[in-house]
Each structure stands twice: as C-alpha cells, then as structure tokens.
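All remarks here apply to the structure that follows.
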Amino acid sequence: MPDTQDLDPRKAAILEAVVSEYIGTAQPVGSHHVARAAGINVSSATIRSEMVALEREGYLVQPHTSAGRVPTDKGYRFFVDQLAEPGVLGPAQRHKVSRFFEQVHGEMEELLERTSGLLSELTSYASVVLPPSHEAAAVRSVQLVGLGPRVVLLVAVLADGAVEKQAIELPEELPDDVLAAASARLQAAAQAHPLGSVQITEPSGDTQVDRVVALAQSALGDLACEAHDRIFVGGPSRLAGAFDAVETVRAVLATLEQQLVVVSLLRDVLERGLSVAIGAEHGYEPLSACAVVVAPVSVDGRSGGAVGLLGPTRMNYPQALAAARVVGEQLGDRLRTTFDAGPSARSARETRPRRRARGRR
C-alpha cells in the first residue's frame, strides 16, 4: 500500500474536511468551508496556516492564486487509508441488490453484463466486471449445431456454468451424420478436460469428420484465449459529467474500449493488494485523473473474477468501496449457485450466435 506520513489530529481533520467538501462540490475548498466542518474548533487563520502546511507536504494543491485548495492523489490516499469511515449501502440500495440477484436469469454473460449495469447505477461511475477465467474450466459437453449450408455453431458447456459459443465456417456443405460424428468425437475427447487443452490427434478414418473436428478444436482454443480478455462495462456515459475536461472523458472512454488493458489494470491492482488505486498509483497515464476501485469475486474460495469502478479521483470512496464489496459478494454467491446447478439447469436451447460486442451501455 502506498506510504503516507502521519499527520497530527488537527491537520488530519482539516484534510478530511477539504476532501469531503471537494468530493461533494468539485469546487476548490477555502478556509471558511473548513471552519464550518464538524470537529474543526480553531480560527480561520489557523486553518489557513494548516492548509498551507498541507500543501507544502503534498496533500493539497492550490489551482489558482485566489482559489481554495483541492486534494492531491496523496491527500486522497491518506483520506482512504486513515480517515474515511467504512461505507455502507442504504436500505433501499441493499434491497435493490438483493432483488437483482434474486430475479436475474439467463446465461452467465447476461448475468455479468447486467451486474455491470447494476454497479454503475448504484454509484454513478463506470463499472467493469471481469468474468471467471474459463481456460482451466472443465468441459461438460460439446456439440455442433448446423446453422446453414456451410455454417455450424460450436456450443461448449463448462463446469463453471458458462456456455461458450462460436460460429465455424465449413469449406463445404456436409450432411448431418458427419456433424453428429464430429460432435461425438469432440464430446469424447473434451469431456472433463480444461477448455484450453482439448487435444484430438488420432484420425477417425473419415476425412470430412476429421476436418470438422480440427476446425472445432481450433475454435475451442480461441474461446479459451478470449476468456482472458473479456470485460463487461456498465455506464460509460456516466463519465461525461464526472470530469471537467472533455479530453479526459475521451481518454477514459478510449481506454474502456481496450479490453485487454482494462483486464490487466484491474488484475494488477488486485495483485498489489489494493482495493483502491488513485491517479498515478495505477501506472496507466491516460487514466491519471481517475481512481479505480476493485473488489475480488470469490466462489467457494476460488477466484470468480472481479468487479471494479472507474471514476474521477474525487469519487465518493466509502460509497464506491461498499457498493463494489456488496455486489462482488452477491455475485460470488450467485455464481456458486450457477456452478452447483451445472449445465442440467441450463438449456440446450441456448444456441444463438455468440455476441462479440461487450457490455457497452
């Protein structure tokens, strides 16, 4: 966790008042605002002196000569680590989360996409949901479904409850018995094996079947790789009102389009043992005006992905942390139920073509 030096109680109280006021108003904070804050029982002159000291120590900055002061990344870090009380969701928000997970249905992709929307609605920030990695998930069933004269749909149901699909273009039109034979070979080879390591090397003796199997095996490998790069983004349009500079909004939206970058960013924050990365702390320059809040999703002690929030550095950290924590816990519980139910609770009817666009709302 980033280092911050200790502050005496008076400086800490003044810094807390500045951060809280700035989060709420987005306007530089002057000594007269701080003087009205609870727990500040000193003169305006003393407050001004202490604010100068906080600026000198790197916790505050004065954007204009005649303006008040705003927190720096260091100031926000001290606030998050030392001053802010743990946030809680209000009764209405908790009820909304509970009702959502009681009522949401559909494939895992739909669950994760709608969860990203829920998290954004709770906080008014852009949200990101990382799904569980499917590369190591065992395959429970594989089938090939004809969609047209030369197109088949590969459908793989995994032990973690996910249903992965990919359309495959065939070099020629093939009869149903060839697809059935290829499906049978895939099922025999893939069942109980990880999605990313399905291997079929022995020829069947039927060249048409073997060609279809080879195409399907390649598609299974593609599906395993894609699982690392996927994200579900909720509420990117909410960023427009969160930043003063249009260029910053554009940079953030452009970053959210780069799924691999966002996946790497959130995983790096978690691996560093952080739940909050503020400004330059996350090391990604285009997001230097942003804070990232991340909560891991756990399913029976195993990683089930993560949920995250992306907003300005003046975000309401207690609220954002509480929302990410509660939604992450509820999502983990829901995924555990989905995994326990297995594919028998899912329908073979889920064979519509696989969507490529992810989570833009």
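No lab work stands behind these numbers, since they all come straight from the coordinates. Not measured: the values here are computed from a predicted model. We place every Cβ from the backbone using ideal geometry, glycine too, and count neighbours over all the protein chains shown.
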**Study point:** Assigned charges on the beta-carbon of Lys, Arg, Asp, Glu; region 139-226 dipole about Cα centre (debye)
**Key:** 180 debye
Exercise for review: Taking the Cα centre of the chain as origin, sum charge times position over the Cβ atoms of Lys and Arg (+1) and Asp and Glu (-1), and report the length of that vector in debye to the nearest 20.
Suggested key: 1020 debye
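With N set to the number of residues, divide the alpha-carbon radius of gyration of region 139-226 by 2.2 N^0.38 Å and report two decimals.
In units of the 2.2 N^0.38 Å rule of thumb, it is 0.99.
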Check your understanding: Top mean-square fluctuation among Glu57, Glu16, Glu109, Gaussian network model of the chain, C-alpha springs under 10 Å?
Key -> Glu57
Exercise for review: Name the residues whose placed amide hydrogens come within less than 5 Å of the amide hydrogen of Leu147, ignoring near sequence neighbours (fewer than 5 apart) on the same chain.
Suggested key: Val152, Leu153
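Using the 10 angstrom Cβ neighbour count as an exposure proxy, how do Tyr76, Tyr22, Tyr125, Tyr284 rank, fewest first?
Working: Tyr76 25, Tyr22 22, Tyr125 28, Tyr284 17.
Exposure proxy ranking, most exposed first: Tyr284, Tyr22, Tyr76, Tyr125.
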Check your understanding: When you take every Cα atom in the chain, what is the radius of gyration, and what is Dmax, the widest Cα pair distance, in Å?
Key -> 25.4, 91
Check your understanding: Relative to the first principal axis of the alpha-carbon coordinates of the chain, what is the inclination of helix 9-25, with its axis defined by its Cα atoms, in degrees from 0 to 90 and to the nearest 10?
Key -> 60 degrees
Point to revise | ³J(HN,Hα) computed for each position of region 66-79 - Karplus, 6.51 cos²θ - 1.76 cosθ + 1.60, integer Hz, glycine/proline x | key: 8, 8, x, 10, 10, x, 8, 4, 5, x, 4, 4, 4, 4
Practice item. Divide, for region 240-332, the radius of gyration over alpha carbons by 2.2 N^0.38 Å, where N is the residue count. Key: 1.07
**Study point:** ³J(HN,Hα), Karplus 6.51/-1.76/1.60, whole Hz, each residue of region 165-175, x for Gly, Pro
**Key:** 9, 7, 6, 10, 8, 8, x, 7, 6, 10, x
Practice item. Quick one: order Glu202, Glu257, Glu55 by neighbouring beta-carbon count within 10 Å, fewest to most. Key: Glu202, Glu257, Glu55
Review point. With θ set to phi - 60° and the Karplus curve 6.51 cos²θ - 1.76 cosθ + 1.60, what are the ³J(HN,Hα) couplings of region 122-129 in order, to the nearest whole Hz, using x for Gly and Pro?
Key: 5, 10, 6, 10, 6, 10, 9, 10
Exercise for review: Specify the angular offset, from 0 to 90 degrees and rounded to the nearest 10, of the alpha carbon long axis of helix 317-341 from the longest principal axis of the alpha carbons in the chain.
Suggested key: 20 degrees
Practice item. Measure nothing but the geometry: give the 0 to 90° angle between the long axis through the Cα atoms of 259-271 and the longest principal axis through the Cα atoms of the chain, rounded to 10°. Key: 60 degrees
Check your understanding: Given H placed 1.01 Å from N in the peptide plane, which residues other than close sequence neighbours of Val299 have an amide H under 5 Å from its amide H?
Key -> Gly304
**Study point:** Cα-based Kirkwood hydrodynamic radius, region 1-116, one decimal, Å
**Key:** 16.4 Å
Revision key, fill the gap. Among Val139, Gln217, Pro171, the residue whose Cα sits farthest towards the positive end of the charge dipole of region 139-226, when +1 is placed on the Cβ of each Lys and Arg and -1 on the Cβ of each Asp and Glu, is Val139
Check your understanding: Where does each of Leu170, Leu287, Leu154 land when they are ranked from fewest to most other beta-carbon atoms within 10 angstrom?
Key -> Leu170, Leu287, Leu154
